[in-house]
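Structure, as structure tokens:
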Amino acid sequence: MARPAIRLNGVALPLQMIAAEAQHHPARTPAVAFENAARALIVRALLLEEALRRGITAAPAEVRDGKWELPAEAQIRQLLETCVPIPQVSDAQCRDYYAAQPDRFRAPELIEASHILFAADPRDSEGVAKAEAAALFALAELQGRPDLFEAIARERSDCGSKASGGRLGQLAPGETAAEFEDALTSLTSGTISQPVKSRFGFHLIRLDARLPGERLPYEYVHEKIAAFLGERAWRHDVTLFIEQLIAGAWIEGVTMQAAKAAA
């Protein structure tokens with residue numbers, strides 16, 4: 001069964017054009033991707049027509065190092081800058097948002113931890129097995145005498161932290177291997193992990209303290225809040241602007257409920 005033609009103001013969109021655009025709109029089925037692509041093309045065409053109607057021109061701008069806008073992209077950008085300016089956000093709006101988000105504006109949580117490393121090259125299966133066995137043996141000792149952690153670290157750890165009994169000090173998110181960080185999330189203060197395998201070998205990890213991040217002062221984050229609220233309001237206004245263009249157009253073959261995504 002032939003797919004019905006999709007028309008904008010009486011002009012059919014070429015199927016090849018929609019199919020090419022669909023590559024940029026992944027969806028659960030090819031049919032949904034095709035419809036999303038058609039909507040995006042219709043919105044783009046309406047914006048370009050409006051730019052031409054208003055006599056708006058623009059020189060392409062550099063968007064990344066060595067990458068420039070296409071002429072049509074520049075026209076659409078200039079149209080939106082002209083017709084949908086970014087709203088000014090008041091200090092009161094920023095303060096209200098800051099007050100309503102008590103946990104959003106916090107410094108990262110800090111963790112104090114110690115570890116004992118039994119090093120092994122992941123390409124050496126025999127060495128990996130020996131390191132795991134050594135870690136399990138040390139863990140068995142620590143289950144009865146957790147106070148021996150520092151002594152075992154000084155004697156057997158293959159990490160430079162052995163000089164301080166395995167103490168790593170304060171750690172921020174992202175400062176350790178992913179497996180190490182994942183293990184820390186499940187530990188409570190003073191507990192020792194099962195052997196944790198990483199590309200360095202096997203770790204016995206002790207959580208020494210968990211320090212919640214303190215809330216950042218309003219003065220430190222108010223510019224980010226203003227930018228976020230302004231951008232959010234602008235996107236809403238752009239959606240309304242596009243909906244007005246759609247309302248004045250004759251569109252056949254596809255519904256435009258998904259116009260917001262195309263904006």
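Once the chain from S186 to S164 is taken as fully extended at 0.36 nm per residue, the excess over their C-alpha distance is 5.5 nm. Applying both filters, DSSP loop and at most 10 other Cβ atoms within 10 Å, to the trypsin sites (Lys or Arg not before Pro) of the stretch 96-128 gives R123. Once the Cβ-Cβ distance of V11 and S90 is raised to the sixth power relative to R0 = 51 Å, the FRET efficiency obtained is 0.70. Between E132 and L211, the distance separating the two model label sites (each 7 Å from Cα on the Cα→Cβ line) works out to 3.6 nm. The candidate values are (1) 29.3, 82; (2) 18.5, 61; (3) 19.8, 68; the one derived from this structure for Rg and Dmax of the Cα atoms in Å carries the label (1). With K and R counted +1 and D and E -1, the other residues having a Cβ less than 12 Å from that of Q170 yield a net charge of -2. Backbone phi angles across the stretch 126-132, fed through the Karplus curve with coefficients 6.51, -1.76 and 1.60 (θ = phi - 60°), yield HN-Hα couplings of 5, x, 5, 5, 5, 5, 5 Hz in residue order; Gly and Pro are listed as x.
Diffusion coefficient of the stretch 182-255 by Stokes-Einstein, Kirkwood radius over Cα pairs, 37 °C, 0.692 mPa s: 180 µm²/s. Considering only beta bridges that DSSP places wholly inside the chain, some 100 percent are antiparallel.
Computed 3J(HN,Hα) for the stretch 62-68, one whole-Hz value per residue from the Karplus formula 6.51 cos²θ - 1.76 cosθ + 1.60 where θ = phi - 60°, is 7, 9, 9, 4, x, 10, 10, glycine and proline marked x.
Dipole magnitude for the stretch 25-92: computed about the Cα centre from +1 point charges on Lys and Arg Cβ and -1 point charges on Asp and Glu Cβ, it is near 240 debye.
Basic side chains Lys and Arg get +1 at the Cβ, acidic Asp and Glu get -1 at the Cβ, and with that the dipole of the stretch 110-211 about its Cα centre reaches some 120 debye. What whole-number distance in Å separates the alpha-carbon centres of the stretch 71-91 and the stretch 184-200? Measuring centre to centre over Cα atoms gives 50 Å.
Each Lys and Arg adds +1 at its Cβ and each Asp and Glu adds -1 at its Cβ; summed about the Cα centre, the chain shows a dipole of about 580 debye.
Springs between Cα atoms under 10 Å define the GNM used for the chain, and in it the highest mean-square fluctuation of E231, E155, E109 occurs at E155.
Read-outs throughout are calculated quantities, based only on the coordinates presented, and are distinct from any laboratory measurement. These figures come from a predicted structure and were not determined experimentally. All Cβ positions, glycine included, derive from the backbone under ideal geometry; neighbour counts span all protein chains shown.
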